[in-house]
Amino acid sequence: MGSSFEWLVRHERLVAAVAVLLVIALVVQVKFCKGHIRPEGTRPREGRAPQPPGPRIDVSGKWEMSIKRRSGGTQTWTLTLEQNDEALTGVITSEGGDLPVSGTIRGRAVTLSAKRYGVTVEFPGTVEGDTITGTMRALSVNRQWTAKRQ
């Protein structure tokens, strides 16, 4: 332990420079890459005509939401949604408290977002019957999520 600390002291300029570069990289990613992030396994829709919305899907009500953890396992939250045409509002209830969400539904595509501690958390997903699946995004974190109607 002592030798690691001594190395850090001897190389404090290097350590400070690396820390500054990491902060700059994070700022650049947040500022310029936000609109370009897509869920894993998807491709940009280039040259495709917009699909008609199809029949209206009602996602209002309570959903049991499962989020995969980075370390394995899942967290279970409750998602309560209200729907007004394509507009969605609601709340995610978790052990960390309530998180208000808002978004849209177009066809089977659901987009929810929330802000916590100044960070935007996005929950894009796809409705299949009584299940919604997607990838939660916050900064550079991506986590798979599933919601089942209760």
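Considering only the range 67-86, state which residues are within 15 Å of residue 146 (Cα to Cα) and surrounded by 14 or more Cβ atoms within 10 Å (Cβ to Cβ).
Matches in the range 67-86: 67, 68, 74, 75, 77, 78, 79, 80, 81.
Across the range 131-150, what is the total count of residues that are open to solvent by less than 60 Å² (accessible area, probe 1.4 Å), over 13 Å from residue 69 (Cβ atoms) and of a type in the set (A, V, I, L, M)?
Selection size over the range 131-150: 3.
Name the strands (runs of 3 or more DSSP E) wholly within the range 61-150 that hold at least 1 residues that are aromatic (Phe, Trp, Tyr)? Spell out the reasoning first.
Numbers: elements: 61-68, 74-84, 87-94, 97-106, 109-116, 119-128, 131-138, 141-149.
Once the strands (runs of 3 or more DSSP E) in the range 61-150 are filtered for at least 1 residues that are aromatic (Phe, Trp, Tyr), what remains is 61-68, 74-84, 119-128, 141-149.
Within the bounds of the range 27-40, is there any residue that is modelled with pLDDT under 90, among the basic types (Lys, Arg) and exposed (fewer than 10 other Cβ atoms within 10 Å of the Cβ)? Please lay out each step first, then the result.
The first filter runs over the range 27-40 and keeps only residues modelled with pLDDT under 90, leaving 27-40.
Then keep just the ones that are among the basic types (Lys, Arg); that gives 31, 34, 38.
Filter once more, so that each one left must be exposed (fewer than 10 other Cβ atoms within 10 Å of the Cβ): 31.
Yes: one or more hits.
The values are calculated or read from the model by the stated rules, or taken from the named source; none is laboratory data. Computed from a prediction, not measured in an experiment: that's the story for all the values here. Positions of Cβ are generated from backbone atoms using ideal geometry, with glycine treated the same way; all protein chains shown enter the neighbour counts. Accessible surface areas use protein heavy atoms only, side chains included; no ligands, DNA or RNA. Shrake-Rupley method; radii C 1.70, N 1.55, O 1.52, S 1.80 Å.
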